[in-house]
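The values are calculated or read from the model by the stated rules, or taken from the named source; none is laboratory data. Bear in mind that the values here come from a model prediction, so they are computed numbers and not experimental data. Glycine gets a Cβ as well: all are built from the backbone with ideal geometry, and neighbour counts include every protein chain shown.
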Amino acid sequence: MNQALPNWAIQGELILNCNCTVFCPCVVSLGVHYPTEGHCQAWLGIHIEKGFYDDVSLDSLNIGMVLDIPGRMSRGDWKAGTFIDERADERAYAGLAQIFKGEAGGTTRLFSMLISEHLGVERAPVKFERNEDERLLTVGKKIVGGVKPIQGSDASKEVTVNNTGYWMGPDITVAQATKGRVRAFGRVWDFEGRSAEICQINWNGPH
């Protein structure tokens, strides 16, 4: 089946903020440990620096997602809603929808196994910005988020967890949410001050 799927790749940066009250245990436990609140509610944003789906460029496009997971991440039954940058043309939109539904194989294939309900895929004004070391994601009034690396003993270096087997990527910067408001897909959340992550991603498919 994968032989019929086009090649794709995404390189860029991912930010995530969840309801965990301390740094998310899913990173080091690979989703086997329960989130600190027993369930996971999260929003994430992706800025694609370079990317393609088949012969269609995905460069500079942004993605927003809302994730609602009832227990351990590894057990599945995720509910997910996706916002695709309104600047994407029809082919780029279709390709990104395939990728983030897990239907394009490769890195995001796990979505097809873990997501039990797609809350929707919408075209939206998704903005991903950087203000010094703070990353900001806005999807209209539906997601208003910001994350910033926590400070370690050496302020010139980020606090990181490296060489993990985490699905997003092996190296995660430990962060905290400066903003975390969600009003989307029937969810009303605010996770300001809670756990956040920053990750450089290099995803591809279909294999």
### Message
Where the second residue is part of a strand (DSSP E or B) and of a type in the set (Phe, Trp, Tyr) and the first is buried (at least 19 other Cβ atoms within 10 Å of the Cβ) and lies in region 175-198, which pairs have Cβ atoms under 6 Å and are six or more apart or on separate chains?
### Response
VAL182/TRP43; VAL182/TRP189
### Query
Is it true that some residue in region 39-60 is farther than 22 Å from ILE201 by Cα, touching a helix residue (DSSP H, G or I) at 6+ places or on another chain (Cβ under 8 Å) and of a type outside the set (A, V, I, L, M, F, W, C)?
no
## Note on the structure
Counting only strands (runs of 3 or more DSSP E) entirely within region 124-207, those with at least 2 residues that are in contact with a strand residue (DSSP E or B) (Cβ under 6 Å, 6 or more places away or on another chain), hydrophobic (A, V, I, L, M, F, W, C) and modelled with pLDDT of 95 or more are 126-131, 134-139, 143-149, 172-184, 195-205
### Query
Going through region 79-110 one residue at a time, which ones are of a type outside the set (Asp, Glu), under 17 Å from the mean Cα position of the chain (by Cα), farther than 22 Å from PRO170 by Cα and not in a helix (DSSP H, G or I)?
LYS79, ALA80, GLY81, THR82, PHE83, ILE84
#### Entry: Pair list, Cβ under 7 Å, 6 or more apart: region 137-155 residue without any contact (Cβ under 8 Å) to a residue 12 or more places away in the chain and of a type in the set (D, E, K, R), other residue assigned to a loop (DSSP other than H, G, I, E, B) and crowded, with 20+ Cβ neighbours inside 10 Å
none
### Query
Within the group ASP77, ASP89, which residue is more than 23 Å from PRO206 (Cβ to Cβ), of a type in the set (Asp, Glu) and in contact (Cβ under 8 Å) with a residue 12 or more places away in the chain?
ASP77
## Note on the structure
Just one listed residue, out of GLU132, GLU122, is over 22 Å from THR107 (Cα atoms) and out of contact with any Lys or Arg (no Cβ under 6 Å at 6 or more places or on another chain), and it is GLU132
